[in-house]
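Beneath this line is the structure, given in structure tokens, with notes to follow.
Where a number appears in this text, it was derived from the coordinates with a stated rule and is not lab data. What you see is a predicted model, and the numbers here were worked out from it, not measured in a lab. Cβ: placed from backbone, ideal geometry, glycine included. Neighbour counts: every protein chain shown.
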Amino acid sequence: MIIKNSSYAISAVREEQYPTDNLPEIALSGRSNVGKSSLINTLLGRKNLARTSGQPGKTQTLNFYLVNDDFYLVDVPGYGYARVSQKKRQQFGEMIQDYLETRANLQGLIILIDGRHDPTKDDIAMYNYALYLNLPILVVCTKIDKIKKNQRNQVLSALSHKLDLKHDNVEVLTFSSVQKLHVKEVWQWIEQNL
Ligand code: GTP
Ligand code: MG
């Protein structure tokens, strides 16, 4: 993918606020602090287009980033952040569910899982939910720079014991925003699904 331009387009918490130019969308989901906003920046070669933070819970709205005037990457608020109130969590859940279940423009979902840890209950629930929605899914194991090179394959095999990854619509990659590892492969998956 040659990136000619990228820009922040709009933030939305409900349907009326989604973009209306009818372009395809690829969404990114995963627990708070897993590296969604960083992955967007890395893909687009931008330092701080999507705001990142060491503090979980930074992204609280659906943030649409327009790429090449052609499609959107959609940063979805992270789940599983304990310090968010019960009420807020429910609102987040509904916002994410509404988007994922009703958005016709949505062409695929990238689910980010922290490569340093076993998937959480929320990760497993999100993955199974995406399977149920029957979307093309790319599972990305993030922060893989923190894992020794000779142990990275084990991360994927351990993951396959926790998630049923053998589906035609599912692909899996390791990824690092720090080392810019597998950026090309993520783009290939996106291009295939646009
Ligand atoms: P929320 O918006 O809170 O849901 O978080 P997020 O998933 O968007 O995470 P974000 O991209 O803000 O990254 C969270 C923290 O992880 C930041 O301190 C990043 O610098 C760090 N981080 C992100 N990706 C990587 C990576 O590939 N490797 C390492 N080592 N750190 C990373
Ligand atoms: Mg974020």
Please give the contour-minus-distance gain from Lys166 to Gln192: 0.36 nm per residue of separation, less the Cα-Cα distance, rounded to one decimal in nm. 7.5 nm
Cα extents of the chain per principal axis, largest first, Å, are 46, 41, 34
For the chain, give me the percentage of DSSP beta bridges that are antiparallel, rounded to the nearest 5 percent. 35 percent
Quick one: Cα centre-to-centre distance for the stretch 60-112 and the stretch 141-173, in angstrom? 23 Å
Give a residue-ordered list of calculated ³J(HN,Hα) values for the stretch 148-161 (Karplus: 6.51 cos²θ - 1.76 cosθ + 1.60, θ = phi - 60°; whole Hz; x for Gly, Pro). 4, 3, 6, 10, 5, 5, 5, 4, 5, 6, 5, 5, 5, 7
How many nm is it between the label spots at Ala104 and Asp69, if each spot is 7 Å from the Cα in line with the beta carbon? 2.4 nm
Based on the Cβ-Cβ distance of Thr20 and Gln91, what FRET efficiency does E = 1/(1 + (r/R0)^6) give at R0 = 22 Å, to the nearest 0.05? 0.40
Total charge of the residues flanking Ile137 in space, meaning their Cβ is under 13 Å from its Cβ, with Lys and Arg +1 and Asp and Glu -1, is -3
Charge dipole (the stretch 6-193, unit charges on Cβ, about Cα centre) - positive-most of Met95, Gly80, Asn150: Asn150
12 Å Cα-Cα reach of Lys180 towards aspartates and glutamates, excluding residues that sit fewer than 8 places from it in its own chain: Asp145
Estimated FRET transfer efficiency when R0 is 25 angstrom, pair Asn134-Val13 (beta carbons, to 0.05): 0.50
Taking amide H positions as placed in the peptide plane 1.01 Å from N, state which residues far from Cys141 in sequence (5 or more) or on other chains have amide H under 5 Å from it. Ile113, Leu173, Thr174, Phe175
Suppose every K and R has +1 on its Cβ and every D and E has -1 on its Cβ; what is the size of the dipole of the stretch 1-110 about the Cα centre, in Debye to the nearest 20? 720 debye
In deg cm²/dmol, rounded to the nearest 500, the helical mean residue ellipticity at 222 nm of the chain, built from -39500 (n - 2.57) for every DSSP H run of length 4 or more, is -10000 deg cm²/dmol
What is the fewest-to-most order of Ile3, Ile137 by other Cβ atoms lying within 10 Å of their Cβ? Ile3, Ile137
Please state the charge dipole magnitude for the chain, taken about the Cα centre, from unit charges on C-beta atoms (+1 on K and R, -1 on D and E), reported in debye and rounded to the nearest 20. 1100 debye
The stretch 6-193, relative contact order [Cα under 8 Å, separation at least 6], %: 23 percent
Please list, in order along the stretch 84-100, the HN-Hα scalar couplings obtained from phi with the Karplus expression 6.51 cos²θ - 1.76 cosθ + 1.60 (θ = phi - 60°), rounded to whole Hz, x for Gly and Pro. 7, 5, 4, 5, 4, 4, 5, 5, 4, x, 5, 4, 5, 4, 4, 5, 5
For Asp118 and Lys148, calculate 0.36 nm times their separation in residues minus their Cα-Cα distance, and state this gained length in nm to one decimal. 9.2 nm
